[in-house]
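One structure is given here, and the rest of the page talks about it.
Where a number appears in this text, it was derived from the coordinates with a stated rule and is not lab data. Just so it is clear, the model here is predicted, and its values are computed rather than measured. We place every Cβ from the backbone using ideal geometry, glycine too, and count neighbours over all the protein chains shown.
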Amino acid sequence: MAQIQLANISKHFGKTEVIREVNLNIKAGELMVFVGPSGSGKSTLLRLICGLEEISSGELTFDGESMNNKVPSERGISMVFQSYALYPHMDVYKNMAFGLKLAKSSPEDIRERVMNAAKMLQIDHLLDRLPKQLSGGQRQRVAIGRAIVRNPRVFLFDEPLSNLDASLRVATRLEIAKIHHEMKSATMIYVTHDQVEAMTLADRICVLNNGEVEQVGTPEELYHSPNSLFVAKFIGSPAMNLLEGDFAKDYQCQTLGIRPEHLVIDPNEATWQGAVIHTENLGSDLYIYLDIGSDSPLLVRLSDQQKVSKGEIVGVRPKWDHLHRFDQHGKPISAPIGAEPSTVLETQSA
Amino acid sequence: MDTSLSLSKPNTKLKSVSSLRQQKLRAAMWFLAPMVTVLFCVAGWPLLRSIYFSFTDTSLTDLYGGQWVGFKNYLTWTTLSSGRTIFSGTLADPTWWNAVWNTIKFSVVSVSIETILGLMVALVLNQEFKGRGLVRAAILIPWAIPTIVSAKMWGWMLNDQFGIINHMLMALGLIDSNVAWTSNIDTAMFSVLVVDVWKTTPFMALLCLAGLQMIPRDIYEAAKIDGIHPVRVFFHVTLPLVRPALMVAVIFRMLDALRVFDLIYILTPNSKATKTMSVVSRENLIEFDKFAYGSAQSTLLFAIIAIFVCLYIWLGKLNLNGDTQR
Ligand SMILES: Nc1ncnc2c1ncn2[C@@H]1O[C@H](COP(=O)(O)OP(=O)(O)O)[C@@H](O)[C@H]1O
Ligand SMILES: [Mg+2]
């Protein structure tokens with residue numbers, strides 16, 4: 001179990017700055033997810049933590065102990081790679097045991113640890129197979145098993161599910177959640193570009209954008225009170241509706257955000273009105289796309305009881321306490337509508 | 001694994017599968033036909049002619065007038081009236097066996113050294129460093145120089161009176177008097193080996209490098225995180241994974257080394273210590289006007305190389321299987 005502290009961590013390759021002044025505190029035993037679009041520096045940050053890349057500036061500590069100058073093997077970490085990184089010429093047993101040989105453990109001890117991990121991951125019948133004789137999901141389990149047997153204090157995952165198909169991804173996600181609950185002694189950092197994965201797995205999420213931390217918080221915090229337009233756009237599926245121009249001006253902001261489930265059909269008190277241009281029925285939910293004259297159609301989530309068909313004119317209103325307003329810098333406006341002399345409107349009209 | 005798969009396939013599919021196979025085979029044959037024809041004309045036919053000549057008494061002056069003599073060029077014996085049996089033919093020729101021994105010595109030593117050095121160079125070139133591209137290109141220069149040129153060049157460098165090697169060794173005080181490296185019977189083989197290693201290590205390095213670059217980088221990172229000692233990583237990860245590439249490289253080089261001719265012919269002409277099978281058989285074919293006898297030696301050379309290749313591939317296969325079992 002380790003508490004991980006990143007203080008002003010920066011990383012540059014040559015002249016390009018990839019990680020900028022990251023400050024982050026990861027609590028002992030929690031599952032922290034780094035999420036962000038591709039190229040935002042998630043992998044690089046992870047590699048800085050595990051020591052595969054050198055930190056350009058800033059301080060990394062595990063339980064208060066500086067890790068900047070420690071080689072990866074001294075940090076007590078395990079890593080699961082996106083590409084699995086299994087040794088292709090070793091069978092599953094050897095793959096899992098290879099890293100243990102040196103750790104002063106007796107052969108029986110090694111055997112027991114490997115068997116335990118294999119049972120936990122249900123790969124104990126595959127121990128004498130080579131990686132190429134396994135399916136993608138099985139390989140992933142072996143990679144996770146290899147990480148588990150080392151009994152690390154910090155567990156790192158770099159997009160472990162991205163090479164799996166959709167159903168396997170969900171199953172393995174559950175598996176990882178289970179491991180997190182069973183291995184109370186390990187702090188986990190999990191990298192993904194998929195916000196659904198982040199929302200479902202994380203104790204806390206760290207949203208990265210362009211090598212900078214946008215927001216850190218629990219999934220609920222990020223979902224309900226994003227502190228930037230970027231986070232609002234990135235978190236949530238389907239994505240938040242974002243309205244600009246006159247739509248936003250009415251609410252004294254630059255961008256008005258409203259999630260699809262926070263819009264209700266109300267013909268009497270309709271704030272926005274438009275024709276249904278497309279509907280998507282997912283069984284439990286019905287999504288409708290309304291053309292209200294904004295840049296992109298307004299997405300509204302209805303329950304399956306409500307019947308709306310294409311071409312119909314529908315009026316909707318937002319639930320007032322679920323509006324997200326952002327200023328021209330993409331920062332949220334917390335003051336209630338009309339409570340402040342709106343600087344937003346002034347700058348906009350200027 | 002493949003056999004069990006094809007066995008479990010339902011029988012109904014077999015027919016259509018096999019006709020598809022036939023179609024593919026036919027197409028493959030058409031694609032191969034031109035190459036096979038050319039190969040037969042430039043390699044197959046001359047080879048067959050050589051083998052035929054080796055069973056005749058053909059001479060260079062009368063190429064088409066040879067008579068069939070059976071194994072006379074290989075081995076015959078006559079029993080004298082005194083009861084003594086005299087063997088003659090290539091297989092009883094001490095010059096030939098000296099050449100066989102020289103060839104084997106040269107091949108085994110040079111290929112071993114080149115493989116080890118080549119792998120070492122490749123490991124270095126596989127690392128990231130500034131100017132790697134330049135070094136990679138530069139290291140190929142010895143390989144790019146025609147053998148005749150490099151043999152002449154080294155011949156001069158090793159010259160007993162004007163050679164720079166003698167000059168340097170004298171200056172360093174390592175030798176007291178000039179050594180005739182290439183003509184001295186004790187150092188001739190050594191000189192040939194040095195030049196061959198100098199010339200061919202780059203080629204080995206390049207083949208090894210290609211093998212090394214096939215190994216995914218991330219498994220090295222995994223090993224690094226697990227804290228596995230680099231030496232252990234080399235022997236347990238790198239070496240097993242480059243072995244297929246290494247096998248191919250060694251077999252290429254071995255084939256080349258077993259029929260070595262130009263380097264030895266130029267650097268150490270007529271030295272008993274370095275004459276190889278190719279050199280000896282050429283002597284007989286052209287210089288000594290024993291065309292059929294030379295043909296027999298060429299045929300033997302071909303047979304030795306063929307046996308060697310079969311053996312090597314067979315051993316390699318055994319080894320590969322041994323690895324998959326735990
Ligand atoms: N070794 C490297 N050399 C130079 N640039 C790199 C290197 N590794 C990553 N980068 C750059 O850093 C940025 C972030 O990369 P990465 O951390 O892999 O992003 P992510 O994992 O979020 O997709 C990218 O723009 C990438 O091009
Ligand atoms: Mg990445």
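Would you kindly give the portion of the calculated P(r) for the stretch A:120-239 that falls above 17 Å, as a percent of all Cα pairs?
Tail of P(r) above 17 Å: 60 percent of Cα pairs.
Could you work out which residue, out of A:GLN306, A:GLN195, A:GLN133, moves most in a Gaussian network model of chain A, that is, has the largest mean-square fluctuation with Cα springs under 10 Å?
A:GLN306
Between B:MET204, B:MET35, B:MET120, which gets the highest mean-square fluctuation from a Gaussian network model of chain B, Cα cutoff 10 Å?
Looking only at B:MET204, B:MET35, B:MET120, the biggest GNM fluctuation is shown by B:MET35.
Past the 18 Å Cα-Cα mark, which pairs from A:LYS178/B:LYS224; A:LYS27/A:LYS184; A:LYS70/B:LYS224; A:LYS15/B:LYS224; A:LYS132/B:LYS224?
A:LYS178/B:LYS224; A:LYS15/B:LYS224; A:LYS132/B:LYS224
Could you give the Stokes-Einstein D for the stretch A:238-326 in µm² per second, using the C-alpha Kirkwood radius, 25 °C, 0.890 mPa s?
D, rounded to a whole number, is 188 µm²/s.
Could you rank the peptides B:133-140, B:294-301, B:195-202 by their average count of other C-beta atoms within 10 Å per residue, with the highest value first?
B:294-301, B:195-202, B:133-140
So which GluC sites (Glu not before Pro) in the stretch A:15-123 end up in coil per DSSP with only 12 or fewer other C-beta atoms within 10 Å?
Of the GluC sites (Glu not before Pro), the ones in loops of the stretch A:15-123 whose Cβ has at most 12 other Cβ atoms within 10 Å are A:GLU54.
For n ≥ 4 DSSP H runs only, could you compute -39500 (n - 2.57) per run for chain A, divide by its residues and tell me the 222 nm figure to the nearest 500?
So the helix-based figure for chain A works out to -7500 deg cm²/dmol.
Got the relative contact order for the stretch B:99-325 handy, in percent, Cα pairs under 8 Å and 6 or more residues apart?
That works out to 28 percent.
Can you pull the Rg over Rh of the stretch A:4-228, Cα-only, Kirkwood?
0.97
Calculate the length of the line joining the C-alpha centroid of the stretch A:280-329 to that of the stretch A:1-77, in whole Å.
Result: 40 Å between the Cα centres.
For A:ILE313, B:ILE305, what's the fewest-to-most ordering of other Cβ within 10 Å of each Cβ?
Fewest-to-most Cβ neighbours within 10 Å comes out as A:ILE313, B:ILE305.
Let me know the whole percent of all Cα-Cα pairs from the stretch B:14-53 that are separated by more than 12 Å.
In whole percent, the long-distance tail amounts to 67.
What is the antiparallel percent of DSSP beta bridges lying wholly in chain A, to the nearest 5?
Among the beta bridges of chain A, antiparallel pairing accounts for roughly 70 percent.
Where Rh denotes the Kirkwood radius from the mean inverse Cα pair distance, what is Rg over Rh for the stretch A:169-238?
Across the stretch A:169-238, the Cα-based Rg/Rh ratio is 0.98.
Two decimals is fine: what's Rg over Rh for the stretch B:29-75, C-alpha atoms, Kirkwood radius as Rh?
Reported Rg/Rh (Cα atoms, Kirkwood Rh): 1.19.
Could you estimate the translational diffusion coefficient of the stretch B:99-325 from the Stokes-Einstein equation, with Rh from the Kirkwood formula over C-alpha pairs, at 4 °C and 1.567 mPa s, in whole µm²/s?
Value of D from the Cα-based Kirkwood radius: 65 µm²/s.
For chain B, what does the helix formula give at 222 nm: sum of -39500 (n - 2.57) over DSSP H segments with n ≥ 4, over the residue count, nearest 500 deg cm²/dmol?
For chain B, the value works out to -21000 deg cm²/dmol.
Out of B:VAL280, B:VAL179, B:VAL231, any idea which swings most in a Gaussian network model of chain B, alpha carbons joined below 10 Å?
B:VAL231
I'd like to know how the stretch B:220-319 sits against the 2.2 N^0.38 Å rule of thumb: what's its Cα Rg over that expected value?
Rg over 2.2 N^0.38 Å, computed on Cα atoms: 1.64.
Give a residue-ordered list of calculated ³J(HN,Hα) values for the stretch A:137-148 (Karplus: 6.51 cos²θ - 1.76 cosθ + 1.60, θ = phi - 60°; whole Hz; x for Gly, Pro).
x, 5, 4, 4, 5, 4, 4, 5, x, 4, 6, 5
Express the relative contact order of the stretch A:238-326 as a whole percentage, based on alpha carbon pairs under 8 Å and six or more residues apart in sequence.
RCO, the stretch A:238-326: 36 percent.
Taking every DSSP beta bridge with both residues inside the protein assembly as shown, roughly what % is antiparallel (nearest 5)?
Restricted to the protein assembly as shown, the bridges split so that about 75 percent are antiparallel.
Arrange A:SER237, B:SER81, B:SER50, A:SER162 by Cβ neighbour counts within 10 Å, fewest through most, would you?
B:SER81, A:SER237, A:SER162, B:SER50
Roughly what % of Cα-Cα distances in the protein assembly as shown sit above 45 Å, to the whole percent?
Everything past 45 Å amounts to 50 percent.
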